[in-house]
Amino acid sequence: MRRTIEKRDKARNGERGSILAISAFGMLSFLLAVGLCVDISHFYLAKTELQNAADASALAAAAALNAAPSGITTAADRAVQMMNNYEFNNTGVTIPRANVQFAVNFDGPYVDEGSAKGNAKNIRFVRVKTADAPIKVFFASIALNASDVPLAAEATAGMSVPPNSFCDWIPLSVIDDNVSTILPGQTYVIRGAPQNSVSPGNYQVLAVSGRGGSDVREGIASGVDECAEAGATYSIDTKPGVNSGPVRAGINTRFGEYDSQLDPERQPPDTNVCEDCTYAEYRDGLKFQAPSRGLQGVPGRRIVIIPIIKISEYDNGRNIVRFDRFGAFFLRKRIGGGNGGDLEAEYIEDRVVVGRGGYNPNGAPGNALMAVPVLYK
């Protein structure tokens, strides 16, 4: 019996230390697994940062497309500038202009900036690629046999389908008189002069956020913070009276002129405030004037969305009107003192990307001359 016990003890003595070895190996495997998870999480966050930069860059570029070569140039400018605004891995994200490419169709072929200018009228999509960015590997370097891993991102944005729902429109109106067709490239009255009311008391001003003059001023300066569909699905009160002061103050912010109630930080001027220039001259930079007083301008502030309303909708004084459709208009000049004459704007004949909006398949037909920027991929 004693010999049997001694044999068992000797066998157990030979197993001493095996538990420690297994535990050490298990702990090492656990630490490697945790390290791999840390690296994967780091890769995921880095990829997300890069993708956000690419998405923002592509959207900024798409918003510049205007069916003209100047829009291609501006799109490339905005894509590079927006990418430079992002920081990645404690350094700035930069891309060459060659990484901004353009296409007529979503599936390509995508071409460079120079080639796109020759077909600018049909260009609808922009693709942006980031350069490979090295991401440090902390724990998985042995498994990957590398101290860093290159990551890149790609995004495609472009024009939406013709929208029939719009946001950021201004509370003025263009009248469709059912006699003469409203034609792109022509100028139209968007606020009548004191002697030119569309109906007794009505001068094409709309009461959207409220009936006070300050609501008109803010709505024209900033765009109405409300979305509306064309057709009978949306109606709004008119605001009787010329409203010369609020209309003048709101319009003139877009030219860099302010009264005490409006702020250049909230309602910046356009980057080009040339007066009496056509949309084509403004678009292509053939006439240019920077805003005064060193104000920081924003491109496209003189391009506004305005509802078009049938003349039959207007009655005497305050009444409710329905929007027939929307159009993109260009403000040619600021408003002078006094009540002023008719306020006119040019109906833009090129397809432009402007404002915010969408498409309701059950709503009215969209406007083929308008689009909003959309991130497709």
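Being in contact (Cβ under 8 Å) with a residue 24 or more places away in the chain, crowded, with 20+ Cβ neighbours inside 10 Å and in the same structural domain as residue 324 (by TED's automatic domain parsing) is a property that residue 218 has. Condition test on residue 50, is it surrounded by 14 or more Cβ atoms within 10 Å (Cβ to Cβ) and closer than 15 Å to residue 353 by Cβ? It is false that residue 50 is surrounded by 14 or more Cβ atoms within 10 Å (Cβ to Cβ) and closer than 15 Å to residue 353 by Cβ.
Within the range 338-377, the set of residues being without any contact (Cβ under 8 Å) to a residue 12 or more places away in the chain and farther than 30 Å from residue 128 by Cβ comprises 362 only. The residue that is surrounded by the fewest Cβ atoms within 10 Å (Cβ to Cβ), counting only those in the range 262-321 that are closer than 16 Å to residue 70 by Cα and in contact with an Asp or Glu (Cβ under 6 Å, 6 or more places away or on another chain), is 287.
In the range 322-348, the residue that is farthest from residue 289 (Cα to Cα) out of those that are among the charged types (D, E, K, R) and out of contact with any Asp or Glu (no Cβ under 9 Å at 6 or more places or on another chain) is 342. Going by the structure shown, is residue 363 modelled with pLDDT under 90, touching an Asp or Glu at 6+ places or on another chain (Cβ under 8 Å), assigned to a loop (DSSP other than H, G, I, E, B) and surrounded by fewer than 18 Cβ atoms within 10 Å (Cβ to Cβ)? For residue 363, the condition - modelled with pLDDT under 90, touching an Asp or Glu at 6+ places or on another chain (Cβ under 8 Å), assigned to a loop (DSSP other than H, G, I, E, B) and surrounded by fewer than 18 Cβ atoms within 10 Å (Cβ to Cβ) - is met. If you filter the range 322-349 down to residues that are at negative phi and loosely packed, with under 15 Cβ neighbours inside 10 Å, you find that the one that is farthest from the chain's Cα centre (by Cα) is 337. Selection of the range 259-288 for residues being of a type outside the set (A, V, I, L, M), part of a loop (DSSP other than H, G, I, E, B) and under 29 Å from residue 198 (Cβ atoms) yields 259, 261, 267, 270, 275, 276, 277, 278.
In the range 106-128, is there at least one residue being at pLDDT below 80 and among the small types (Gly, Ala, Ser)? No, there is no match, as no residue in the range 106-128 is at pLDDT below 80 and among the small types (Gly, Ala, Ser). Name the single residue, out of those in the range 318-356 being small (Gly, Ala, Ser) and modelled with pLDDT under 85, that is nearest to residue 169 (Cα to Cα). Restricting to residues being small (Gly, Ala, Ser) and modelled with pLDDT under 85, the top hit is 355.
The values are calculated or read from the model by the stated rules, or taken from the named source; none is laboratory data. None of these values were measured; they are calculated from a predicted model. For neighbour counting, all protein chains shown are included, and Cβ atoms are generated from backbone atoms with ideal geometry for every residue, glycine included.
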